[in-house]
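*Asks:* One structure coming up, written as structure tokens, with questions to follow.
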Amino acid sequence: MQSYLSSGDRVTRALAAGETATSGELFSSGGFVGIAQADGDGDDGDSVVFLTRGIFTLTKTAAASAFVVGQPVYADGGDADVSHTALGPLIGYCVEAVAAAAADVDVMLAAAVAPGVKRTSVIELDVDTGIAIGVTSVATNIPAGARIVKAWYSVETTFTSATDAATISIGIETDDVAGILAAVAINDGSNPFDAGAFLDGIQTGEMADASEATAAAGRDIDFTVAVEALTAGRLQLFLEWMVLA
């Protein structure tokens with residue numbers, strides 16, 4: 001039986017409803033990463049050819065700092081731009097150092113997600129002008145069938161609220177609400193949301209602690225604020241996940 005189909009350098013992908021592709025730009029969705037070879041719109045039933053291997057010059061986000069060789073590169077929250085401070089999924093690795101002022105960075109695309117292969121996403125929560133009581137969602141493009149096996153976070157700016165009684169929990173939209181970090185007060189004696197805190201979530205690398213599997217691609221990470229609105233604070237959440245066979 002002949003089983004060889006292609007080298008995998010070019011993949012034709014049907015765009016889902018709501019997905020769009022722009023010729024020559026990065027496309028990242030549900031763990032799939034490629035450079036579009038034509039414009040396409042999923043609402044019109046389009047299929048697009050994507051380059052999935054190689055080194056490409058990609059646009060940095062305005063806020064991106066300098067890149068060093070070998071540094072992981074992430075989609076900036078699902079947009080075509082990229083960053084190493086990571087708001088979206090891993091898309092590849094920097095192959096040539098660039099200064100902070102540079103507009104572009106050369107990136108070697110990472111292979112598509114395969115069962116059993118661990119990948120990392122980094123999500124940022126920046127209070128900036130305040131976050132009200134309720135759920136703040138951040139897109140990830142983590143694919144369907146993924147389980148988070150390790151979660152940890154780094155606090156860059158101390159979180160505050162009116163009397164510092166606010167609580168924060170972290171979970172996966174629909175599939176595992178508060179399943180990454182159970183609700184904890186920002187004034188808890190362990191100082192979990194003070195600048196410099198670098199702490200594990202529920203997932204510590206043990207398979208027994210892994211999250212529920214995502215039932216659909218593109219599940220958001222939900223930050224749930226209760227008791228009081230947040231007035232300041234910034235953290236980066238690191239998620240190591242894998243798709244089961």
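*Asks:* To check my understanding: the extent here is largest minus smallest coordinate of the Cα atoms along each principal axis. What are those three numbers for the range 10-109, in Å, largest first?
*Replies:* For the range 10-109, the Cα spread along each principal axis is 40, 23, 20 Å.
*Asks:* Determine, for Met207, Met242, Met108, the number of other Cβ atoms within 10 Å of each Cβ, and report the residues in order from fewest to most. Before the final figure, lay out the partial values.
*Replies:* On the way: Met207 8, Met242 19, Met108 15.
Taking fewest neighbouring Cβ atoms as first place, the list is Met207, Met108, Met242.
*Asks:* At a 10 Å Cβ-Cβ cut-off, how would you order Thr160, Thr12, fewest neighbours first? Write out the running numbers ahead of the final one.
*Replies:* Values: Thr160 18, Thr12 10.
Neighbour counts put them in this order, fewest first: Thr12, Thr160.
*Asks:* Can you work out the FRET efficiency for the pair Lys118 and Leu199, with r the C-beta to C-beta distance and R0 = 22 Å, to the nearest 0.05?
*Replies:* Values: r = 20 Å, r/R0 = 0.92.
E(calc), rounded to 0.05, equals 0.60.
*Asks:* Relative to the Cα centre, what is the charge dipole magnitude of the chain, using +1 at the beta carbon of each Lys and Arg, -1 at the beta carbon of each Asp and Glu, and rounding to the nearest 20 debye? All intermediate terms of the calculation are to be shown ahead of the outcome.
*Replies:* On the way: 10 positive and 32 negative charges, 151 e Å.
That gives the chain a dipole magnitude of about 720 debye.
*Asks:* Note the full-extension length gain between Ser137 and Val227 as 0.36 nm times their separation in residues minus their Cα-Cα distance, in nm to one decimal.
*Replies:* Details: separation 90, 0.36 × 90 = 32.40 nm, distance 1.81 nm.
Result: 30.6 nm gained on full extension.
*Asks:* 5 Å is the cut-off here: which amide hydrogens, built 1.01 Å from N in the peptide plane, fall below it relative to Val73, excluding neighbours closer than 5 in sequence?
*Replies:* Ile91, Gly92, Tyr93, Cys94
*Asks:* Sticking with this one: Rounded to the nearest 20 Debye, what is the dipole magnitude of the range 132-240 about its Cα centre when Lys and Arg each give +1 and Asp and Glu each give -1 at the C-beta?
*Replies:* Values: 4 positive and 15 negative charges, 37 e Å.
Its charge dipole is roughly 180 debye.
*Asks:* If you don't mind, there's one more thing I want to ask. Per residue of the range 67-76, what does 6.51 cos²θ - 1.76 cosθ + 1.60 with θ = phi - 60° give for ³J(HN,Hα)? Whole Hz please, x for Gly and Pro, Karplus curve as stated.
*Replies:* 10, 10, 4, x, 5, x, 10, 10, 5, 8
*Asks:* Using only the alpha carbons, work out the radius of gyration and Dmax of the range 102-214 in angstrom.
*Replies:* Both quantities, over Cα of the range 102-214: 16.0, 47 Å.
*Asks:* Can you give the net charge of the other residues whose Cβ lies under 9 Å from the Cβ of Leu235, counting K and R as +1 and D and E as -1?
*Replies:* Values: positive: Arg234; negative: Glu124, Asp126, Glu156.
Here the charged neighbours net out to -2.
*Asks:* Using a Förster radius of 41 Å, what is the FRET efficiency between Thr158 and Ala208 based on their Cβ-Cβ separation? Nearest 0.05, please.
*Replies:* On the way: r = 33 Å, r/R0 = 0.79.
E(calc), rounded to 0.05, equals 0.80.
*Asks:* Here's something else I'd like to know. Among Phe32, Phe27, which comes first, second and so on when ranked by fewest other beta-carbon atoms within 10 Å? Numbers along the way, then the final one.
*Replies:* Working: Phe32 17, Phe27 23.
Final ranking by Cβ density, sparse to dense: Phe32, Phe27.
*Asks:* For the range 10-109, give the share of DSSP beta bridges that are antiparallel, in percent and rounded to the nearest 5; count only bridges with both residues there.
*Replies:* Details: 27 of 28 bridges.
Approximately 95 percent, going by the DSSP bridge assignments.
No lab work stands behind these numbers, since they all come straight from the coordinates. These numbers were taken from a predicted model, which means no experiment stands behind them. Neighbour counts run over all protein chains shown; Cβ positions are idealised from the backbone, glycine included.
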